[in-house]
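One structure is given below, encoded as structure tokens.
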Amino acid sequence: MKETLELAAALCREFEGLGKVGRDGLCYPYLCPAGYPTLGYGEVVKSLSVPPITKAEAEARLLVLLPQYVVHTLKACPNLVKYPRRLAAISDFTYNLGAARLNGSTLRKRILAEDWDGVKIELMKWVRGGGRVLSGLVKRRQAECKLI
């Protein structure tokens, strides 16, 4: 599980980034490309009115939230327990898009069938935000595919 969490956290750090960091070094809420109020490493928050946090708090929050997404991923795709790197990739997907998107997806069906080539094809379909293809999501899905 340690390898999974380390890999998934690295993906989240790289592709979520810290969002909006002020001159004072604090992380401020911002709207992500899909239009959701977000803070730190891609944590969806209630509104843009939430107070800023430090970089250390953003890191701590990521490390608290991410295991919950690993659990969601394992509930939907229990066979991933045998594949720490694949679990990390799909947990990053779940962190990025939410458990509901994974649960109702063809991606999940491919994972359960252990159709790894099909998993990569399905992952690459999830590259849109706010109605348009986002280069950051293309890169993120490519990085996830490398772990599949």
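Bear in mind these aren't lab numbers, they're just calculated from the coordinates by the rules spelled out. Here the structure is a predicted model, which is why all the values come from computation and not from measurement. Positions of Cβ are generated from backbone atoms using ideal geometry, with glycine treated the same way; all protein chains shown enter the neighbour counts.
Of all the residues in segment 5-47, those that are under 19 Å from Thr94 (Cα atoms), assigned to a strand (DSSP E or B) and touching a helix residue (DSSP H, G or I) at 6+ places or on another chain (Cβ under 9 Å) number 3.
Can you pull out the helices (runs of 4 or more DSSP H) entirely within segment 52-148 that have at least 3 residues that are among the β-branched types (Val, Ile, Thr)?
55-76
Restricting attention to segment 130-148 and to residues that are among the charged types (D, E, K, R) and surrounded by 13 or more Cβ atoms within 10 Å (Cβ to Cβ), the residue that is nearest to Gly17 (Cα to Cα) turns out to be Arg140. Checking each residue in segment 56-87 for being closer than 23 Å to Tyr36 by Cβ and either of a type in the set (A, V, I, L, M) or under 10 Å from the mean Cα position of the chain (by Cα) (or both) picks out Ala58, Ala60, Leu62, Leu63, Val64, Leu65, Leu66, Tyr69, Val70, Val71, Ala76. Count, please, the residues in segment 58-88 that happen to be of a type in the set (Val, Ile, Thr) and in contact (Cβ under 8 Å) with a residue 60 or more places away in the chain. Total satisfying the criteria: 1.
Residue by residue through segment 112-129, note down the ones that are more than 13 Å from the chain's Cα centre (by Cα) and either charged (D, E, K, R) or within 19 Å of Gly17 (Cβ to Cβ) (or both). Matches in segment 112-129: Glu114, Asp115, Asp117, Lys120, Glu122, Lys125, Arg128, Gly129.
Considering segment 33-76, the residues that are within 17 Å of Leu97 (Cβ to Cβ), touching a strand residue (DSSP E or B) at 6+ places or on another chain (Cβ under 8 Å) and among the hydroxyl-bearing types (Ser, Thr, Tyr) include one that is surrounded by the fewest Cβ atoms within 10 Å (Cβ to Cβ), namely Tyr36. Of the listed requirements (1) over 29 Å from Gly131 (Cβ atoms); (2) surrounded by 16 or more Cβ atoms within 10 Å (Cβ to Cβ); (3) of a type outside the set (A, V, I, L, M); (4) touching a residue at least 24 places away in the same chain (Cβ under 8 Å), Phe15 misses just one: (1).
Taking segment 23-43 as the range and being closer than 20 Å to Tyr69 by Cα and in contact (Cβ under 8 Å) with a residue 12 or more places away in the chain as the test, the residues that pass are Cys32, Ala34, Pro37, Thr38, Leu39, Gly40, Tyr41, Gly42, Glu43. Here Val127 meets the list (1) over 20 Å from Leu31 (Cβ atoms); (2) aliphatic (A, V, I, L, M); (3) surrounded by fewer than 20 Cβ atoms within 10 Å (Cβ to Cβ) almost entirely, failing just condition (1).
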